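Report on the following structure.
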Amino acid sequence: MTVFNLGSINLDHLYRVDHFVRPGETLASTDYRTLLGGKGANQSIALARAGAAVKHIGAIGKADAWVLEQLADAGVQTDAIAQLDSASGHAIIQLTAAAENAILIYAGTNHLLTGAQIDRALANAQAGDWLLLQQETNALSEAMTAAKQRGMRIAYNPAPMIAEAVKPLLGQVDLLIVNEVEAMDLTGTDSVADAEAALQRDYPDLRILMTLGHAGVVYIHQAERVSVPAFKVEAVDTTAAGDTFIGYCLAALVAELDIATALRRANAAAALCVTRLGASVAIPESAEVDAFLLQQQD
């Protein structure tokens, strides 16, 4: 079983700062790095490190071929990533000592995907394979339609959240993955409890994963509700925590682990991730997650 990830690839320009830049202010950063990021790339790497077979569908600029090597080294299939005569997507990230971040994104090649590229990428997909999508690329509706025609299952992480664009797509989605803020924005509510109730009312057949930060995560499907707490660690950088959770959780579901085990494993991977600086480089290997979970049992 393969996960086809139609996802963004960004170059993350990471600046460590004492505080977020204010209007009119010029602020010196204490550190700078260029790292591979983007929700799509992060989730593909997390999937691969968790042991899943993952094929990434995306696009980068021709000047950034090193990205393909880094993804391949992580175990991601890269033959469906186009190299275009345009700038790659990138992000400007401010990171404070309190592990808070502020991110400015430029879409670049992430918004230059075509239906033909997606059809070629999905040509060998089998019924039961997964298509994973986020909200940082174009062609989401076309990809969902192509996936459903092939009997694939669809996991959707609509971030960044634009409710008006997301709602029309939910009828084709099997698994919706949102954080608490995204859930409230999607439902027009102002509490997690109200968001959960609204999602169950409006989308009764949808499987929903809602991450709750320090409070953990909850899985909701019809009458089933599974809540798993987060692990307590000292956070350094939360940039890729959600992407790490998604990759590890979906990999566990592909491996047919029960939902509680999948959530606990994904929480462990995310906990390890936030103790490290960066996005894709902070995503742990499967063996590290195994060791962390063993430590929690002691």
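Any read-out appearing in this document is the output of simple, stated calculations on the displayed coordinates, not a laboratory observation. Predicted, not measured: the structure shown is a model, and the values here were computed from it. As a convention, Cβ positions derive from the backbone with ideal geometry for all residues, glycine included, and neighbour counts pool all protein chains shown.
Points worth noting:
- Applying a DSSP loop filter and a limit of 14 other Cβ atoms within 10 Å to the GluC sites (Glu not before Pro) in the stretch 185-234 leaves Glu234.
- Summed residue charge, Cβ within 12 Å of Lys55's Cβ, Lys/Arg positive, Asp/Glu negative: -1
- Counting only whole DSSP H helices of the chain, the ones at least 18 Å long by C-alpha along their axis and with mean Kyte-Doolittle hydropathy no lower than 0.5 are 241-254, 259-274.
- As a rough footprinting exposure proxy, the listed residues Ser86, Ser191 were ranked by other beta carbons within 10 Å of their own, and the order from fewest upward is Ser191, Ser86.
- When +1 charges are put on Lys and Arg Cβ atoms and -1 charges on Asp and Glu Cβ atoms, the dipole computed for the chain relative to its Cα centre reaches about 380 debye.
- Seen from Leu140, the other residues with C-beta closer than 15 Å to its C-beta sum to a net charge of -2, counting Lys and Arg as +1 and Asp and Glu as -1.
- Near the amide H of Arg276, within less than 5 Å, lie the amide hydrogens of Val236, Asp237, all on another chain or at least 5 residues away, with H placed in the peptide plane.
- Contact order relative to length of the chain, as percent, for alpha carbon pairs under 8 angstrom and 6 or more apart: 18
- The residues neighbouring Gln222, those whose beta-carbon lies less than 10 Å from its own, together hold a net charge of 0 under the Lys/Arg +1, Asp/Glu -1 convention.
- Of the chymotrypsin sites (Phe, Trp or Tyr not before Pro) in the stretch 9-91, those whose Cβ has at most 14 other Cβ within 10 Å and which sit in DSSP loop: Phe20
- Helical content of the chain, expressed as a calculated mean residue ellipticity at 222 nm, amounts to -10000 deg cm²/dmol (DSSP H runs of 4 or more residues, -39,500 (n - 2.57) each, divided by residue number, nearest 500).
- With neighbours defined as other Cβ atoms within 10 Å of a residue's Cβ, the residues Val67, Val181 order from fewest to most as Val181, Val67.
- Neighbour counting of Cβ atoms within 10 Å sorts the residues Ser141, Ser280, Ser44, fewest neighbours leading, into Ser141, Ser280, Ser44.
- All Cα-Cα distances of the chain, cut into 10 Å bins from zero to the largest, leave 6, 29, 37, 23, 5, 0 percent in each bin in turn.
- C-alpha center-to-center spacing [the stretch 148-207, the stretch 24-58] in angstrom: 24
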